[in-house]
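To keep things clear, I will list the structure first and then write my remarks on it.
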Amino acid sequence: MLILIFVIGAALGVIGGFFGARQYMKKYLQDNPPISEDMMRTMMMQMGQKPSEKKLNQMMASMKAQSRKAGK
């Protein structure tokens, strides 16, 4: 009987944790959206650099590669 209660509690905890984490990530991404090209262009201009399209594309590609690498 004790084992059955433990298994049911663990299953409910896993399901609740999944949906809780999913909701948290949705809210986090709404509050803190990923960096876009416009944001990158603005940051470069604030640092005194002239943002060329080639430079922006290189930086965005490297950020996407890093995020894919971190996701594995």
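The values are calculated or read from the model by the stated rules, or taken from the named source; none is laboratory data. Just so it is clear, the structure is predicted and the values come from calculations on it, not from any experiment. Surface areas here come from the heavy atoms of the whole protein model, side chains and all, with no ligands, DNA or RNA. Shrake-Rupley method; radii C 1.70, N 1.55, O 1.52, S 1.80 Å.
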Could you derive backbone 3J(HN,Hα) for region 52-69 from the dihedral phi with the Karplus parameters 6.51, -1.76 and 1.60 (θ = phi - 60°), listing whole Hz in sequence and x where the residue is Gly or Pro? 8, 4, 4, 5, 4, 5, 5, 5, 5, 5, 5, 5, 5, 5, 5, 5, 5, 5
Cα-based helix-to-principal-axis angle, 37-46 vs the chain, degrees rounded to 10: 50 degrees
Which semi-axes, in whole Å and largest first, does the equivalent ellipsoid of the chain have when worked out from the alpha carbon gyration tensor as the square roots of 5 times its eigenvalues? 44, 13, 7
If you roll a 1.4 angstrom probe over the protein chains with everything in place, what fraction of the accessible area of the chain belongs to carbon and sulfur, to the nearest %? 67 percent
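Return one whole number: the accessible area per residue of the chain in Å², for a 1.4 Å probe.
Details: 6510 Å² over 72 residues.
For the chain, the solvent-accessible area averages 90 Å² per residue.
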